[in-house]
Protein chains: 2
Amino acid sequence: MQDLLEYLGAIQPEVNKTLINEVSTLNTLVQPVATHILAAGGKRLRPLLAILFAKALGYDNKDIYPLACSVELLHSATLLHDDIIDDADLRRGMPAAHTLFGSTKTILAGDALLALANLIVSRYGNPKLTECISRAIIETATGEMAEIEYLRSTNHPQETYIDIIRGKTAWMIQASCQLGAIVAGADARQEQAACEFGMNLGIAFQIVDDALDFSPSAGAIGKPVAGDLREGKLTPPLHMYLATLQGEKRDKFLQKFADGSFTDAEVDAVAGEVRALGLDQATRDLADQYLEKAIDALQVFDNCREKTALNQTVDYVKNRSK
Amino acid sequence: MQDLLEYLGAIQPEVNKTLINEVSTLNTLVQPVATHILAAGGKRLRPLLAILFAKALGYDNKDIYPLACSVELLHSATLLHDDIIDDADLRRGMPAAHTLFGSTKTILAGDALLALANLIVSRYGNPKLTECISRAIIETATGEMAEIEYLRSTNHPQETYIDIIRGKTAWMIQASCQLGAIVAGADARQEQAACEFGMNLGIAFQIVDDALDFSPSAGAIGKPVAGDLREGKLTPPLHMYLATLQGEKRDKFLQKFADGSFTDAEVDAVAGEVRALGLDQATRDLADQYLEKAIDALQVFDNCREKTALNQTVDYVKNRSK
């Protein structure tokens, strides 16, 4: 992971400076909410991907930073809206913005960040970039809606779940890669490869997240263990778990999943069974299938330090434990 | 108003067709919410302004329609979010979207419409257009936040109020005019004039709205009379009313305005006094000052049917009674 870590270390200060700089152009009323969500951290994976693809294709202009940060701002905007929707108390272990600033300011700050992302991209004067980021916002919102549509449902196939996470998580990661490729003047084949890498990495990222939801360490990062079970999201570990159930036990599970009536003790018991059956690991194996596709997509690109780092982001997603 | 009415009649079917067409590209999950807010109607003032400015500058391509509709979609997105923020039950006399579809879908449909507006504009391949619409979203969200910041305050000057409505209402009307001018290839002076027209028309539009809030007919369009007094917004009629108060009556008003404790009977009494003092008319006089600036801005443009219709939109804003 040496190349990736060096890359991250090299770009993070400039990424954070750019984020602060862009947010400072917003009205002072919006800034505290925007600053709060950005200060909560995150690895800046999205800016990193944009920069890696741009550099892999020979684009070495420092003006890449605002473009790379646009997706991080977009991502922050969706987190603000999501936390209201989920009525979440915590985000990355910190109080969720709406618990500090109220729903009103949080909705509006999200809108301002969505627009700021678009405004930044428009400065590059390339309509392909604007189209890419607008499409990502639409697909993300649609994915989130689809997720809600299927809450507490156990009748849909795993493909439906994959479609949901394509929207809610993977599109924005794809957009990061695509923006980097477009700004570097990628040809159609290279741009397509960047999209395929991003989409598959994004799907895997979410699947690993769903596996981590059953990890005993989940509580340590400010999330309740098996939050997806509580919320009625049929993620891969639960889909596989359900397939192991029969008879009365299955009927009871279906009933409680449908009406959201699991007690804390029952949630812990299911989480324990999921782990005992190795279904968190089986979920990671599912993610690996998408990570292999992501690696394949990189074949189009010439060997370079950035390609090595991109391959290492795959390892990072594969191995992450929180 | 003949030219304006003919114009409206001529373009409205195509505007509505375009809106339906664009919304139909959204995922089927988002469509019912988007369709609901668009079906609630409205005069399509924003698309009209974009088309009038484009045509006044000689742009007669039918591809203007999606661009003109982008601001209407944006406007609809802000209405969806606003109704959640205000916890409004009604919008244009119909049930507000969030009361039918829930806050979650309504927030996400708003996000999707914001993004759709950007996506449509990006199709024109002109970064100036994208910058215009992104800036309008940011300024609108900022204006709405500023309005909330000054709720229940009576210490701020009228200029602060004007700054608030520049953002929350006028920027998007300005953007409609500016988009039409840009797409028609306006020179800097013409584009500036279109902006000045839109900004001043937008400010006047909101001030007239604030006067209408004290009209006895407000109830007929699904709004409570003197809603601004109930919500603690120091609009011009209330600013002027406050200036007439002295002694204990003033102290009592300030107290009740600050803590939102007016009874229905007290609200009706204040509304009656506002009307008896002619302050709703004085508010309309204030709007006239901005409408005159709007008319002045049109001097830059050659006489044509569209310029006549633009002058008539000024009359429409001046005289509207609901």
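Okay, here's what the table says:
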item: Close pairs (6 angstrom Cβ cut-off, 6 or more residues apart or separate chains): within 20 Å of A:Leu38 (Cβ to Cβ) in the stretch A:1-19, among the hydrophobic types (A, V, I, L, M, F, W, C) and buried (at least 19 other Cβ atoms within 10 Å of the Cβ) anywhere; result: A:Ile11/A:Ile51; A:Thr18/A:Cys69; A:Leu19/A:Leu38; A:Leu19/A:Cys69
item: Number of the exception - A:Gln174 against (1) at the interface with chain B (Cβ under 10 Å from one of its Cβ atoms); (2) closer than 30 Å to A:Tyr241 by Cβ; (3) buried (at least 23 other Cβ atoms within 10 Å of the Cβ); result: (1)
item: A:His81 being crowded, with 24+ Cβ neighbours inside 10 Å, at the interface with chain B (Cβ under 7 Å from one of its Cβ atoms), modelled with pLDDT under 85 and in contact with a helix residue (DSSP H, G or I) (Cβ under 6 Å, 6 or more places away or on another chain); result: yes
item: Residue match in the stretch A:127-137 (condition: among the aliphatic types (A, V, I, L, M), surrounded by 24 or more Cβ atoms within 10 Å (Cβ to Cβ) and within 7 Å of another protein chain (Cβ to nearest Cβ)); result: yes
item: Selected residue (criterion: surrounded by the most Cβ atoms within 10 Å (Cβ to Cβ)) from residues of the stretch B:138-148 that are of a type outside the set (A, V, I, L, M) and free of Cβ contacts under 8 Å to residues at least 60 places away in the same chain; result: B:Thr142
item: Single match in B:Gln206, B:Gln158, B:Gln190 (criterion: polar (S, T, N, Q) and over 24 Å from B:Ala243 (Cβ atoms)); result: B:Gln190
item: Breaking point among (1) within 24 Å of A:Thr313 (Cβ to Cβ); (2) surrounded by fewer than 24 Cβ atoms within 10 Å (Cβ to Cβ); (3) touching a Leu at 6+ places or on another chain (Cβ under 9 Å); (4) hydroxyl-bearing (Ser, Thr, Tyr), for A:Ser215; result: (3)
item: Contacts under 7 angstrom Cβ, first residue in the stretch A:47-70 being farther than 19 Å from A:Ile295 by Cβ, partner among the charged types (D, E, K, R), 6 or more apart; result: A:Pro47/A:Glu72; A:Tyr65/A:Glu14; A:Pro66/A:Glu22; A:Cys69/A:Glu22
item: Near pairs, Cβ below 8 angstrom, 6+ apart or cross-chain, from the stretch B:149-162 (farther than 22 Å from A:Lys105 by Cβ) to any residue that is surrounded by 13 or more Cβ atoms within 10 Å (Cβ to Cβ) and not hydrophobic (A, V, I, L, M, F, W, C); result: B:Gln158/B:Pro236; B:Gln158/B:His239
item: Test: B:Val183 is at the interface with another protein chain (Cβ under 8 Å from one of its Cβ atoms) and modelled with pLDDT of 90 or more; result: no
item: Filter result (within 14 Å of chain B (Cβ to nearest Cβ) and either of a type in the set (Phe, Trp, Tyr) or under 14 Å from the mean Cα position of the chain (by Cα) (or both)) within the stretch A:58-78; result: A:Val71, A:Leu73, A:Leu74, A:His75, A:Ser76, A:Ala77, A:Thr78
item: For B:Lys105: the one exception among (1) in contact (Cβ under 8 Å) with a residue 40 or more places away in the chain; (2) surrounded by fewer than 20 Cβ atoms within 10 Å (Cβ to Cβ); (3) among the charged types (D, E, K, R); (4) at negative phi; result: (2)
item: Selection count, the stretch B:151-162, where residues are more than 14 Å from the chain's Cα centre (by Cα) and in a helix (DSSP H, G or I); result: 4
item: Qualifying residue in the stretch A:289-296 (condition: crowded, with 21+ Cβ neighbours inside 10 Å, touching a residue at least 24 places away in the same chain (Cβ under 8 Å) and out of contact with any Phe, Trp or Tyr (no Cβ under 8 Å at 6 or more places or on another chain)); result: yes
item: Sole exception among (1) buried (at least 20 other Cβ atoms within 10 Å of the Cβ); (2) within 14 Å of the chain's Cα centre (by Cα) for A:Leu52, by number; result: (2)
item: Enumeration of residues in the stretch B:1-53 that are touching a Lys or Arg at 6+ places or on another chain (Cβ under 7 Å), more than 14 Å from chain A (Cβ to nearest Cβ) and within 18 Å of B:His98 (Cα to Cα); result: B:Ala40, B:Gly41
item: Subset tally (residues that are assigned to a helix (DSSP H, G or I) and modelled with pLDDT of 90 or more) for the stretch A:29-49; result: 5
item: Filter pass, A:Ile120 being more than 13 Å from chain B (Cβ to nearest Cβ) and in contact (Cβ under 8 Å) with a residue 24 or more places away in the chain; result: no
item: Enumerated helices (runs of 4 or more DSSP H) restricted to the stretch A:167-275, each holding at least 3 residues that are over 26 Å from A:Asp89 (Cα atoms) and in contact (Cβ under 8 Å) with a residue 24 or more places away in the chain; result: A:171-183, A:188-212, A:236-244
item: Members of the stretch A:138-155 found to be among the β-branched types (Val, Ile, Thr) and more than 7 Å from chain B (Cβ to nearest Cβ), listed by number; result: A:Thr140, A:Thr154
item: Filtered residues of the stretch B:125-148 (kept if among the aliphatic types (A, V, I, L, M) and closer than 18 Å to B:Asp111 by Cα); result: B:Ile133, B:Ala136, B:Ile137, B:Ile138, B:Ala141, B:Met145
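To keep it simple, each residue is scored yes or no on (1) among the acidic types (Asp, Glu); (2) out of contact with any Ser or Thr (no Cβ under 7 Å at 6 or more places or on another chain).
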position	(1), (2)
A:Met1	no, yes
A:Ala10	no, yes
A:Val15	no, yes
A:Leu19	no, yes
A:Pro32	no, yes
A:Ala40	no, yes
A:Leu48	no, yes
A:Asp60	yes, yes
A:Pro66	no, no
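This table checks each residue for (1) more than 19 Å from A:Gln158 (Cα to Cα); (2) surrounded by fewer than 18 Cβ atoms within 10 Å (Cβ to Cβ); (3) touching a Ser or Thr at 6+ places or on another chain (Cβ under 8 Å); (4) not charged (D, E, K, R).
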{"site": "A:Leu179", "(1), (2), (3), (4)": "yes, no, yes, yes"}
{"site": "A:Asp187", "(1), (2), (3), (4)": "yes, yes, no, no"}
{"site": "A:Gly198", "(1), (2), (3), (4)": "yes, no, yes, yes"}
{"site": "A:Ile207", "(1), (2), (3), (4)": "no, no, yes, yes"}
{"site": "A:Leu234", "(1), (2), (3), (4)": "no, no, yes, yes"}
{"site": "A:Gly247", "(1), (2), (3), (4)": "yes, yes, no, yes"}
{"site": "A:Phe253", "(1), (2), (3), (4)": "no, no, no, yes"}
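The values are calculated or read from the model by the stated rules, or taken from the named source; none is laboratory data. On a predicted model such as this, the values are computed, not experimentally measured, just so you know. In this analysis, Cβ positions are derived from the backbone assuming ideal geometry, glycine residues included, and neighbour counts consider all displayed protein chains.
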